[in-house]
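What follows is a single structure, written as structure tokens, with notes after it.
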Amino acid sequence: MQTERVTFLTTPDHKAALDAYAASNGKSVGHVVREATSRYIAQPPTADDGGEEAELAALVAEANAAIPQMRAAIDRMIDTLDASHRKVDAFLRDAGVRA
């Protein structure tokens, strides 16, 4: 088997924990890291490690579906405000406050 070297930097506390874990399981640090990375790569993406695009796509789809309803609601609010303004204007004209 051909191998290649991978180096990563970590804190002294993390390195000590990794050494202790490997020793307590009778494994080398290299073996533990290979196993951990193999499992990580095999997992389906989640929101924390690459699933952001899928989550964002779902949010965009929801927003796109909601926009027509929001527009209709805003149009109804505008119509209601216009009707209210007409009533207030008529009331003020009838009261002689507005010409």
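Return yes when residue 15 is part of a helix (DSSP H, G or I), touching a helix residue (DSSP H, G or I) at 6+ places or on another chain (Cβ under 9 Å) and not polar (S, T, N, Q) and no when it is not.
Yes, satisfied.
Given the criteria β-branched (Val, Ile, Thr), more than 30 Å from residue 99 (Cβ to Cβ) and not in a helix (DSSP H, G or I), does residue 10 qualify?
yes
Does residue 21 satisfy being of a type in the set (Ser, Thr, Tyr) and modelled with pLDDT of 95 or more?
yes
Out of all the residues in region 79-99, which are over 41 Å from the mean Cα position of the chain (by Cα) and among the charged types (D, E, K, R)?
86, 87, 89, 93, 94, 98 - these are the residues of region 79-99 that are over 41 Å from the mean Cα position of the chain (by Cα) and among the charged types (D, E, K, R).
Give me the pairs, please: first residue somewhere in region 1-25 and within 17 Å of residue 35 (Cα to Cα), second residue anywhere and surrounded by fewer than 10 Cβ atoms within 10 Å (Cβ to Cβ) and not aliphatic (A, V, I, L, M), beta-carbon distance under 8 Å, and either six or more positions apart or on two chains.
Matching pairs, first to second residue: none at all.
Residue under question is residue 97, and the condition is that it be part of a loop (DSSP other than H, G, I, E, B) and either surrounded by 10 or more Cβ atoms within 10 Å (Cβ to Cβ) or of a type in the set (A, V, I, L, M, F, W, C) (or both); does it hold?
yes
The values are calculated or read from the model by the stated rules, or taken from the named source; none is laboratory data. Quick caveat: nothing in here was measured; it's all calculated off a predicted structure. We place every Cβ from the backbone using ideal geometry, glycine too, and count neighbours over all the protein chains shown.
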